[in-house]
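Taking it in order: structure first as structure tokens, then the write-up.
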């Protein structure tokens, strides 16, 4: 029987955490690359809005458009405005410059960033860990806080590049994950060896403490260590064998999902 390598990019194999991250990462490029079809101007004295101004093509947009690359550059960015005599009517604005290359590059960059994000989340065991979810939840407000700090220190223009750097950070993480020893190391066993203050099995005086510790290991993604602790607890306190077996079965189900 030939065993096929699991495809981490198959949507049916994505975890809830991966789906959430994909939706969050898709929001930025969709909203920042979607050109509006109409705009308004405001009277500086009365504050009233003008009649809607409809745009028929990308070359009519009077403002930069595109993220992370501007694929529409307004005419006043590309060429200086001509000098007109006092009282003379202003000439019609020149068409904005549209770069198809930047538009295609935007699409490719976003696809690569999304693919890298999915790869990182689907090929690492902590994607099932509650601790990972809590860290990501805390990272969202920290992202805004550091963005505010960046603007205070380096100006509003630096915030754009800060956002671009954060958005495309999964690419560097995926490259490091792919061409490193990360996946070749049995991290749960390494953590058991490195954490010197972890209690040994003989230190647990009752089943409740041992089962709570095994449950904590499960939430952290240390499945091997959790099953080992559950198994030893079942031998020492056989009255909890039924509950322990259900816990081990649940871990094995998560492990099978991770490798399908």
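Worth pointing out:
- Test result for residue 171, surrounded by 13 or more Cβ atoms within 10 Å (Cβ to Cβ), over 30 Å from residue 116 (Cβ atoms) and at pLDDT 85 or above: no
- When region 28-42 is filtered for residues that are out of contact with any strand residue (DSSP E or B) (no Cβ under 8 Å at 6 or more places or on another chain) and exposed (fewer than 12 other Cβ atoms within 10 Å of the Cβ), the ones remaining, listed by number, are 30, 31, 34, 36.
- Matching residues in region 217-238 - criterion: being in contact with a helix residue (DSSP H, G or I) (Cβ under 8 Å, 6 or more places away or on another chain) and surrounded by fewer than 19 Cβ atoms within 10 Å (Cβ to Cβ): 219, 224, 231, 232, 236, 237
- Restricting attention to region 10-22 and to residues that are farther than 30 Å from residue 64 by Cα and either at pLDDT 85 or above or surrounded by fewer than 12 Cβ atoms within 10 Å (Cβ to Cβ) (or both), the residue that is nearest to the chain's Cα centre (by Cα) turns out to be 19.
- Residue check for residue 47: in the same structural domain as residue 159 (by TED's automatic domain parsing), surrounded by fewer than 14 Cβ atoms within 10 Å (Cβ to Cβ), part of a loop (DSSP other than H, G, I, E, B) and modelled with pLDDT under 85: yes
- Out of 118, 135, sole residue that is modelled with pLDDT of 85 or more and part of a helix (DSSP H, G or I): 118
- For the criterion of being within 30 Å of residue 116 (Cβ to Cβ), surrounded by 15 or more Cβ atoms within 10 Å (Cβ to Cβ) and modelled with pLDDT of 85 or more, residue 25 passes.
The values are calculated or read from the model by the stated rules, or taken from the named source; none is laboratory data. Predicted, not measured: the structure shown is a model, and the values here were computed from it. All Cβ positions, glycine included, derive from the backbone under ideal geometry; neighbour counts span all protein chains shown.
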